[in-house]
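Below: the structure, in structure tokens.
The values are calculated or read from the model by the stated rules, or taken from the named source; none is laboratory data. These numbers were taken from a predicted model, which means no experiment stands behind them. Don't worry about glycine lacking a Cβ; one is built from the backbone with ideal geometry, like all the others, and counts go over all protein chains shown.
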Amino acid sequence: VPGMFARDEMDEICQELVPIMKKQYPRRPPTNENLYDYFLSRVRQNLHVVLCFSPVGEKFRKRGITTKEIVEYIMFSFLKGLQFPG
């Protein structure tokens, strides 16, 4: 998301990444561009999104029809002991 961090916050994040990036990529110079690219690669690698929908009712069915990705890449987690009708 562009503009998510203020410039001073991004500078602080990049400075904290210098020793981590040097350990992983010792030959890569810690320029602002390299640090930002490294930051983005770590975010892409570690970012997980959780969407919560109630499986009961018409809204879930409509979302499943209109957004096939939700159904294709979904992992259903049900609470132990939770009983569903049917």
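Under the condition of being more than 23 Å from the chain's Cα centre (by Cα) and closer than 20 Å to Ile13 by Cβ, the residues counted in region 26-58 number 4.
Here is a list: Arg44, Arg27. Which entry is part of a loop (DSSP other than H, G, I, E, B) and among the basic types (Lys, Arg)? Show your work before the answer.
Working: Arg44 fails: part of a loop (DSSP other than H, G, I, E, B).
The match here is Arg27.
Looking across region 12-69, the residues that are modelled with pLDDT of 90 or more and β-branched (Val, Ile, Thr) come down to Ile13, Val18, Ile20, Thr31, Val43.
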